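The values are calculated or read from the model by the stated rules, or taken from the named source; none is laboratory data. A quick note: this is a predicted structure, and the numbers were derived from the prediction, not measured. Using ideal geometry, Cβ is built from the backbone for each residue, glycine included, and neighbour counts are taken over all protein chains shown.
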Amino acid sequence: PLPDPDAEAVVRANDRAHVFHSWSAQGALAPLPVAGGLGASFWDYSGKSYLDFGSQLVNLNLGHQHPDLIASLHRQADRLATIQPAMANDVRSELARLLVEVVGEPFAKVFFTNAGADANEYAVRMARHSTGRNKVLSTYRSYHGGMGTPIGLTGDPRRWANEAAANGVVHFFGPYPYRSPFHSDSPEQETARALEHLESVIVLEGANTIAAIILETIVGTNGILVPPPGYLAGVRELCDKYGIVYIADEVMAGFGRTGEWFAFQGFDVQPDLVTFAKGVNSGYVPLGGVIISAKIAEFFNDKVFYGGLTYSGHPLACALGVTTFEVFRRDHILEHVRDLSERVIAPRLDGWLETHPSIGEVRGRGLFWAIELVKDRDTREPLVPFNPTAAQNAPMAAFAAACKADGVWPFTHYNRTHIAPPLVIAEDELNRGLDVIDEALTITDQAIGA
Ligand code: PLP
């Protein structure tokens, strides 16, 4: 990439004057003008390249400008660029078939949406309609989307200013062995106590008022929290016992991120509804949806489903989804993810526990890892607090700036940095990025006086 300062100045000026950005006070923003991207990298107008260790917003599973996706987009644009959802369409129905095929029994149908938030919105609506109940349980430390019901379900500060949306939502504690809300000292105890807590919440809220429990199978932005053994199976049992619909939010964890098609498939559990978006087509054209169990799908055989979107099952988006399946299978993407995770990431991150005193814990699966930073390993006090002010966040900001200076775009959140590059990343690129993060962690070590 060649420097183009004139183009950069125009992008920057128009953006600052006219683009209203997400989740931010607008005044002090300085978004990076991006000129292009390829595979696991993107570059700015000065010609500086960054390895994308957050896959944009953990959606770019097949990387930038994947040639098969771009060809598929051109092909579909030439054939049929759009068609409304009440008509049947070849790529839409083929993608639905492929989705049902990979999740297997008891799933039967797919409702397509434009993104992850509306996938969760409609999954909850299906649960409410089919159970005749209103309440939904979700965890603290979760994110389910930026509007309506999903922001009400969210268990992080993004909900706080949008509290009115939380109609019928009750939050509970999910498992988090490193910072156990239940003071447990083993994963087994964490599972047992977390399930006991969840059952108490169900009973005290009134089981017959609860339509659904929604869980990120592995909590994403709020910490790559991998559920301890037996937890998800225990949630399934509670849902069966009390007639509650189990919704697995796989918007971030799905599509190979954890080395499985869907993360729940690594935990021997069957949800009733599975929501997806992001990795289904790497976000080249917005797409999400709900994979629906036969039982819930059949409920709507003679009852109207009151929900719909003009662009439900958009052919440009669905064609890219079909091609995503082809590329995953042809290029053995799931195997590549598992291999890099086990052979490269896990041993390197484990080694860093010896060399970086500011690391409290490393955890993850596939290309979905968190490095949790602490002030003190014994007390586990976080390096920066939950929802830090800019001043409190200074050591994390310094860490991120060092990564960027050395050509890695990191995904940081509170006291963590996540390792979530595109699934197509090559081993040498991954190692190069990890070298940069390794070096930048000396800054957080210094911040705690080590
Ligand atoms: N659910 C999870 C777990 C997510 O991580 C996200 C987005 O980050 C969403 C839902 C919302 O998806 P979208 O931004 O496509 O609406």
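Tell me the residue from Ile218, Ile224 that is assigned by TED's automatic domain parsing to the domain that holds Glu121, of a type in the set (A, V, I, L, M), at positive phi and out of contact with any Cys (no Cβ under 9 Å at 6 or more places or on another chain), please. Of Ile218, Ile224, the one residue that is assigned by TED's automatic domain parsing to the domain that holds Glu121, of a type in the set (A, V, I, L, M), at positive phi and out of contact with any Cys (no Cβ under 9 Å at 6 or more places or on another chain) is Ile224.
Looking only at residues in the range 181-231 that are in a helix (DSSP H, G or I) and among the polar types (S, T, N, Q), the one that is nearest to Arg125 (Cα to Cα) is Thr209. Of the set (1) under 23 Å from Ile218 (Cβ atoms); (2) out of contact with any Ser or Thr (no Cβ under 6 Å at 6 or more places or on another chain); (3) among the aliphatic types (A, V, I, L, M), all apply to Ala165 but (1).
Selection over the range 208-236 of residues that are farther than 20 Å from Ala119 by Cβ and in contact (Cβ under 8 Å) with a residue 40 or more places away in the chain gives a count of 13. Residues considered: Gly254, Gly220. Of these, the only one that is under 24 Å from Pro67 (Cα atoms) and modelled with pLDDT of 95 or more is Gly254. Would you be able to say whether some residue in the range 337-345 is of a type in the set (Lys, Arg), out of contact with any helix residue (DSSP H, G or I) (no Cβ under 9 Å at 6 or more places or on another chain) and within 19 Å of Leu60 (Cα to Cα)? Yes, because at least one residue in the range 337-345 is of a type in the set (Lys, Arg), out of contact with any helix residue (DSSP H, G or I) (no Cβ under 9 Å at 6 or more places or on another chain) and within 19 Å of Leu60 (Cα to Cα).
So if I check each of Lys278, Lys303, which one is basic (Lys, Arg) and farther than 29 Å from Ala71 by Cβ?
Details: Lys278 fails: farther than 29 Å from Ala71 by Cβ.
On inspection, the qualifying residue turns out to be Lys303.
This table checks each residue for (1) closer than 20 Å to Ala253 by Cα; (2) in contact (Cβ under 8 Å) with a residue 24 or more places away in the chain; (3) not assigned by TED's automatic domain parsing to the domain that holds Pro227.
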| residue | (1), (2), (3) |
| --- | --- |
| Asp350 | no, no, yes |
| Gly360 | no, yes, yes |
| Glu372 | yes, yes, yes |
| Asp376 | no, yes, yes |
| Arg380 | no, yes, yes |
| Cys403 | no, yes, yes |
| Leu430 | yes, yes, yes |
| Ala440 | no, yes, yes |
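Test Arg179 against the stated conditions and say whether it is touching a residue at least 40 places away in the same chain (Cβ under 8 Å) and more than 21 Å from Val235 (Cα to Cα). Against the criterion (touching a residue at least 40 places away in the same chain (Cβ under 8 Å) and more than 21 Å from Val235 (Cα to Cα)), Arg179 does not qualify. Would you mind stating whether Thr191 is crowded, with 17+ Cβ neighbours inside 10 Å, touching a helix residue (DSSP H, G or I) at 6+ places or on another chain (Cβ under 9 Å) and more than 14 Å from Arg141 (Cβ to Cβ)? Taking the combined requirement at face value, the residue satisfies it.
On the given criteria, is Arg159 free of Cβ contacts under 8 Å to residues at least 24 places away in the same chain and basic (Lys, Arg)? Here the answer is yes, as Arg159 does meet what is asked. Annotation note: of Thr131, Thr154, the sole residue that is closer than 18 Å to Ile214 by Cβ, surrounded by 18 or more Cβ atoms within 10 Å (Cβ to Cβ) and either assigned by TED's automatic domain parsing to the domain that holds Phe386 or within 16 Å of the ligand (Cβ to nearest atom) (or both) is Thr154.
Filtered by the rule that a residue be within 16 Å of the ligand (Cβ to nearest atom) and either modelled with pLDDT under 95 or surrounded by fewer than 23 Cβ atoms within 10 Å (Cβ to Cβ) (or both), the range 44-57 gives Gly54, Gln56, Leu57.
The strands (runs of 3 or more DSSP E) found entirely in the range 232-309 that carry 3 or more residues being more than 12 Å from the ligand (Cβ to nearest atom) are 288-293.
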